[in-house]
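Read the structure below first, then the notes.
The values are calculated or read from the model by the stated rules, or taken from the named source; none is laboratory data. Everything numeric in this text was worked out from a predicted model, so none of it was measured. All Cβ positions, glycine included, derive from the backbone under ideal geometry; neighbour counts span all protein chains shown. Ligands, DNA and RNA are stripped out before the accessible areas are found, and what is left, the full protein with its side chains, is counted by its heavy atoms. Shrake-Rupley method; radii C 1.70, N 1.55, O 1.52, S 1.80 Å.
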Amino acid sequence: AEYPFDTVKTRVQSTALSYRGPVDCIVRTFQREGVRAFYQGVTPRLLTYGVVKSTLFSIYERAHGVCGSTALAGAMAGAVNTLVSCPVEIIKSKLQIYQRLPGKVYDGPLQRAQALIAAHRPVSPARP
């Protein structure tokens, strides 16, 4: 239900793109890139939605069994779940602001994931 509205929201909020508002974004995106542009980023979302939600509920159930507090279990599950959901959201957002313009090669979820890993790869400690 969130697509294509989430793509429009992400593009309007992005500092990499400049639109006068949601209507301008919709019109310009449709004219330049077509309908497919509004659904960029949906693949990683669909492929990981079940994993993200099952992780959230599994952690919540285990935490609730240990601590007995609904609020504390929810906080713990939410905190741990960010390790799974945040990288997916970053990839989705990067794909949503990617513009399909003539002569520009489209890179999909795998290329965005590789770029994300390369940009945020932990630096190994210097050897003496």
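What the table shows:
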{"item": "Pairs with Cβ under 7 Å, 6+ apart, first in the range 14-32 and without any contact (Cβ under 8 Å) to a residue 40 or more places away in the chain, second surrounded by 11 or more Cβ atoms within 10 Å (Cβ to Cβ) and β-branched (Val, Ile, Thr)", "result": "TYR19/VAL12; GLY21/VAL12; PRO22/VAL8; PRO22/VAL12; CYS25/VAL8; CYS25/VAL12; ILE26/VAL8"}
{"item": "Top-ranked residue of the range 17-54 - restricted to ones that are basic (Lys, Arg) and open to solvent by less than 100 Å² (accessible area, probe 1.4 Å), ranked as farthest from CYS86 (Cα to Cα)", "result": "ARG28"}
{"item": "Hey, ALA77 touching a Leu at 6+ places or on another chain (Cβ under 6 Å) and part of a helix (DSSP H, G or I) or not", "result": "yes"}
{"item": "Among residues of the range 78-91, those that are within 9 Å of the chain's Cα centre (by Cα), within 15 Å of GLY50 (Cα to Cα) and open to solvent by less than 40 Å² (accessible area, probe 1.4 Å), counted", "result": "2"}
{"item": "Selection count, the range 1-11, where residues are open to solvent by 50 Å² or more (accessible area, probe 1.4 Å) and either assigned to a helix (DSSP H, G or I) or within 21 Å of LEU110 (Cβ to Cβ) (or both)", "result": "2"}
{"item": "Unique residue being of a type in the set (S, T, N, Q) and modelled with pLDDT of 90 or more when the list is THR48, THR29, THR55, THR15", "result": "THR29"}
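For every residue, the table says whether it meets (1) buried (at least 18 other Cβ atoms within 10 Å of the Cβ); (2) at pLDDT 85 or above.
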position	(1), (2)
MET76	yes, yes
SER93	yes, no
GLY103	no, no
TYR106	no, no
PRO109	yes, no
GLN114	no, no
SER124	no, no
